[in-house]
Amino acid sequence: MKLYFATGACSLGPHIVIREAGLDAELDKVTFGAERTTESGKDFYTINPQGAVPVLETGNGETLTEAQVLLQYLASLAPAKNLMPTESFAKWRALETLNFIATELHKGASPLLRKPNDEIRDATHKNLQNR
Ligand SMILES: N[C@@H](CCC(=O)N[C@@H](CS)C(=O)NCC(=O)O)C(=O)O
């Protein structure tokens, strides 16, 4: 299993779950620049055409993207650790929280990473305060 990650990015979530679950995973750091290369020397666009982390190579020939899916997949590999509720209403509450983080917080904050003008920055802050 291998996790492609970047410093200061949302790939930190799956990285934490790998550690908490006690899973054995290789890490490959992606550097964001004009080109996206991995520490192991790959063109990251050949791994994920979107150029975004996190990406998980599962070790059984499959590749997964989308941080919240990776979190659930990784948690499912270590059920004894109880990292993700799988039964009762707690499961739906956890899914609600993961979706909120992905859509409202993560993507809600994304405009701030793109050097926004004052109008966009203020609107983004206002929206995030509500969330
Ligand atoms: N929908 C994806 C988005 C992943 C994403 O936006 N990752 C950011 C880092 S937090 C990234 O790699 N951005 C680089 C880019 O989009 O060019 C997910 O939830 O995993």
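The values are calculated or read from the model by the stated rules, or taken from the named source; none is laboratory data. The structure displayed is predicted, hence computed values, not measured ones. Neighbour counts are summed over all protein chains in view; Cβ atoms, including those assigned to glycine, are modelled from backbone coordinates with ideal geometry. These area figures cover heavy atoms from the full protein model, side chains too; ligands, DNA and RNA do not enter into them. Shrake-Rupley method; radii C 1.70, N 1.55, O 1.52, S 1.80 Å.
Has the range 64-80 got at least one residue that is within 16 Å of the ligand (Cβ to nearest atom) and open to solvent by 90 Å² or more (accessible area, probe 1.4 Å)? Spell out how you get there, then give the answer.
Pass one, the range 64-80, residues within 16 Å of the ligand (Cβ to nearest atom): 64-75.
Next, only the ones that are open to solvent by 90 Å² or more (accessible area, probe 1.4 Å) stay: 66.
Looking through the range 64-80, at least one residue is within 16 Å of the ligand (Cβ to nearest atom) and open to solvent by 90 Å² or more (accessible area, probe 1.4 Å).
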Quiz item: Quick check, is residue 29 out of contact with any helix residue (DSSP H, G or I) (no Cβ under 7 Å at 6 or more places or on another chain), of a type in the set (D, E, K, R) and farther than 19 Å from residue 1 by Cα?
Solution: no
Quiz item: With (1) more than 16 Å from the ligand (Cβ to nearest atom); (2) free of Cβ contacts under 8 Å to residues at least 60 places away in the same chain; (3) open to solvent by less than 90 Å² (accessible area, probe 1.4 Å) as the list, and residue 83 as the residue in question, which single condition is left unmet?
Solution: (2)
Exercise. Taking residue 22 as the residue in question, decide whether it is over 28 Å from residue 131 (Cβ atoms) and surrounded by fewer than 11 Cβ atoms within 10 Å (Cβ to Cβ).
Key: yes
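Only one of 113, 105, 95 is open to solvent by 70 Å² or more (accessible area, probe 1.4 Å), within 16 Å of the ligand (Cβ to nearest atom), of a type in the set (A, V, I, L, M) and not assigned by TED's automatic domain parsing to the domain that holds residue 54; which?
Numbers: 105 fails: open to solvent by 70 Å² or more (accessible area, probe 1.4 Å); 95 fails: open to solvent by 70 Å² or more (accessible area, probe 1.4 Å).
Matching residue, one of 113, 105, 95: 113.
Report whether or not residue 39 is exposed (fewer than 15 other Cβ atoms within 10 Å of the Cβ), in contact with an Asp or Glu (Cβ under 6 Å, 6 or more places away or on another chain) and outside the structural domain of residue 125 (by TED's automatic domain parsing). Spell out the reasoning first.
Working: exposed (fewer than 15 other Cβ atoms within 10 Å of the Cβ): yes; in contact with an Asp or Glu (Cβ under 6 Å, 6 or more places away or on another chain): yes; outside the structural domain of residue 125 (by TED's automatic domain parsing): yes.
Yes.
Condition check ((1) closer than 22 Å to residue 104 by Cβ; (2) away from the ligand (no atom under 15 Å from the Cβ)) across all residues:
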{"site": "2", "(1), (2)": "no, yes"}
{"site": "11", "(1), (2)": "yes, no"}
{"site": "14", "(1), (2)": "yes, no"}
{"site": "22", "(1), (2)": "no, yes"}
{"site": "31", "(1), (2)": "no, no"}
{"site": "34", "(1), (2)": "no, no"}
{"site": "55", "(1), (2)": "no, no"}
{"site": "58", "(1), (2)": "no, yes"}
